[in-house]
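The values are calculated or read from the model by the stated rules, or taken from the named source; none is laboratory data. In this text the structure is predicted, and so the values were computed from the model without any measurement. We place every Cβ from the backbone using ideal geometry, glycine too, and count neighbours over all the protein chains shown. The protein model used for the area step is the full one, side chains on, heavy atoms only, and it has no ligands, DNA or RNA in it. Shrake-Rupley method; radii C 1.70, N 1.55, O 1.52, S 1.80 Å.
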Amino acid sequence: MRPMPGGVHSALLQRISTRPDGPLDITWLAAKSPQLPLGRIRLRWEPASRSGWDVTAYLGLTTAEVLLGSWPAATDDWPRLVRPTLYEVTGLCAALSFATDALELSNRLSGV
């Protein structure tokens with residue numbers, strides 16, 4: 001894994017491969033990026049003090065970003081380590097979004 005480029009604050013997770021060893025597709029975020037949209041994940045990694053990488057993930061909620069997880073001193077193969085967490089959370093966010101949309105539609109149709 002390479003360090004993040006200069007002038008970049010973090011990376012927005014775009015897609016997670018369905019393969020257990022598949023890639024994480026990202027888009028670089030500039031230092032002055034707006035708050036994450038609901039359900040989106042931001043990753044940040046930097047060299048650890050002794051070896052490996054300090055990796056953090058943040059989840060966008062309606063009014064704030066929350067720490068989703070941190071992996072201190074992760075090996076160079078850290079995407080494989082964090083992938084299961086990211087995959088599960090994106091699936092959960094998609095399910096919650098679908099359920100919320102269905103509930104709102106049901107309420108509109110019933111006149112509530």
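What tally of residues in the stretch 89-112 results from selecting those that are closer than 15 Å to residue 42 by Cα and either of a type outside the set (Val, Ile, Thr) or touching a Phe, Trp or Tyr at 6+ places or on another chain (Cβ under 6 Å) (or both)?
Residues meeting the conditions: 1.
What number of residues within the stretch 41-50 are in contact with an Asp or Glu (Cβ under 9 Å, 6 or more places away or on another chain) and part of a loop (DSSP other than H, G, I, E, B)? Walk me through how you get there before you give the answer.
If we filter the stretch 41-50 for residues that are in contact with an Asp or Glu (Cβ under 9 Å, 6 or more places away or on another chain), which is where we start, we get 42, 44-48.
Narrowing further to those that are part of a loop (DSSP other than H, G, I, E, B): 48.
Residues that pass the stated criteria total 1.
Confirm whether residue 78 is over 14 Å from residue 12 (Cα atoms) and at pLDDT below 95.
Numbers: over 14 Å from residue 12 (Cα atoms): yes; at pLDDT below 95: yes.
It is true that residue 78 is over 14 Å from residue 12 (Cα atoms) and at pLDDT below 95.
Could you grab me the full set of residues in the stretch 5-20 that are open to solvent by 30 Å² or more (accessible area, probe 1.4 Å) and either in a loop (DSSP other than H, G, I, E, B) or over 21 Å from residue 85 (Cα atoms) (or both)?
Listed by number, the residues that qualify are 5, 6, 7, 8, 9, 18, 19, 20.
Suppose we filter the stretch 26-44 for residues that are within 20 Å of residue 87 (Cα to Cα) and without any contact (Cβ under 8 Å) to a residue 12 or more places away in the chain; how many remain?
0
Conditions (1) hydroxyl-bearing (Ser, Thr, Tyr); (2) in a helix (DSSP H, G or I); (3) touching an Asp or Glu at 6+ places or on another chain (Cβ under 6 Å), marked per residue:
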residue	(1), (2), (3)
59	no, no, no
62	yes, no, no
85	yes, yes, no
88	no, yes, no
93	no, yes, no
98	no, yes, no
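Taking only the stretch 100-112 into account, find how many residues are open to solvent by less than 60 Å² (accessible area, probe 1.4 Å) and outside any helix (DSSP H, G or I).
Residues in the stretch 100-112 being open to solvent by less than 60 Å² (accessible area, probe 1.4 Å) and outside any helix (DSSP H, G or I): 0 in total.
Name the residues in the stretch 21-48 that are surrounded by fewer than 13 Cβ atoms within 10 Å (Cβ to Cβ) and at pLDDT 90 or above, would you?
25, 27, 46, 47
Could you identify the single residue in 94, 57 that is surrounded by 10 or more Cβ atoms within 10 Å (Cβ to Cβ), closer than 16 Å to residue 15 by Cα and modelled with pLDDT of 95 or more?
Matching residue, one of 94, 57: 57.
Can you report the number of residues in the stretch 64-83 which are open to solvent by 80 Å² or more (accessible area, probe 1.4 Å) and part of a helix (DSSP H, G or I)?
Counting residues in the stretch 64-83 that are open to solvent by 80 Å² or more (accessible area, probe 1.4 Å) and part of a helix (DSSP H, G or I) gives 2.
Cβ-Cβ below 6 Å, separation at least six or inter-chain, first residue in the stretch 1-25 and more than 12 Å from residue 42 (Cβ to Cβ) and basic (Lys, Arg), second at pLDDT 80 or above and open to solvent by 50 Å² or more (accessible area, probe 1.4 Å): which pairs?
Qualifying pairs under 6 Å: 15/25.
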